[in-house]
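Where a number appears in this text, it was derived from the coordinates with a stated rule and is not lab data. Since the model is a prediction, treat every value here as computed from it, not as a measurement. Cβ placement follows ideal geometry from the backbone for every residue including glycine, while neighbour counts extend to all protein chains displayed.
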């Protein structure tokens, strides 16, 4: 009898653990959409939220000076405090000369007390060329120089404009460019999509306003062009306002992301571990979705619109034909899941005591 009770207790304990693990996995639900022009955004809410306030974003880090990004060979001269030696004297440590500048690699140092969260598609400007971050990842606090995989979004410049890179604030590469960087890992594909995007954005402007954009091959400069910002904001701001108003009406809901459709076709989803992270990245994301709409002109005959059921199915469907995992022990795990017509990337934090999915990016191929 005693053995039976012990066995029953073990079964109950295992069942309780399984139940807790199941409960800890967020369930995502798609809400009714909001639309502007040919862009439709389905808000996503989650059953579970996590504390993500300890993460530092790229914009926050560069603005504060705690995150430094340079060309791969430009880290010499950067110094960080070194712990006191045995004689009690604090000394400075100088990093050794790294390899010469490379198109698809930069060097990043996180001097902050917080881990840095990077998203694929975030734009850094300066150096010899403007670049976008190539994949989602987490950089530890007080890091030594980290090799940062990037893709060039300025194909016709290789002249240094500054020794350090800056962030582009509310701009981020649009989904078609992020797809080439994340799923295809194709530099030429990134350049091709940059050229298409710049051409589409320029075409939407009157000739006098378009001239400054045509003078540069820089995707970042195009995004900063005042006339183009007005065009993008004409789509992004109403969506942003409507999204905020919808979520405010549903105060009990935990908004963590969005599923995006252009011309009635679902193309992308971004989902985060918390509303906090969504709010910090949302201004960049919503403008990237708006920019995508200019590169996908509205057809003469508008197709049947995307539905809540279709968006929910897109978000839920993760049956893989291929899966690969990249892990930085103690920092993060990134899982690439490929299906018949989509690719998804799941960034999972492996930080001590903070194990959860931080960001999910899913794209239609």
Shape call for the range 240-351, from the Cα gyration tensor axes a ≥ b ≥ c (a/c under 1.5 means rounded, otherwise prolate when a/b beats b/c, else oblate), comes out oblate
Just to be sure I understand the model, the point goes 7 Å from the Cα along the line to the Cβ. What's the resulting residue 276 to residue 229 distance in nm?
2.9
Going by how many other Cβ atoms sit within 10 Å of their own, how do 274, 288 line up, fewest first?
274, 288
For residue 313 and residue 265 in the same chain, what is the full-extension length gain: residue separation times 0.36 nm, less their Cα-Cα distance, in nm?
16.0 nm
Classified through the alpha carbon gyration tensor (a ≥ b ≥ c as square roots of its eigenvalues; rounded if a/c is under 1.5, else prolate when a/b is larger than b/c, else oblate), the range 306-349 comes out oblate
Proxy reagent accessibility, fewest Cβ within 10 Å first, across 282, 158
158, 282
With the crude spin-label approximation of a point 7 Å out along Cα→Cβ, what separation in nm comes out for residue 102 versus residue 159?
2.6
Find how much the distance from residue 48 to residue 355 grows on full extension, using 0.36 nm per residue of separation minus their present alpha carbon separation; answer in nm with one decimal.
109.2 nm
Label residue 199 and residue 237 with points 7 Å out from Cα along Cα→Cβ: what is the distance between them in nm?
3.0
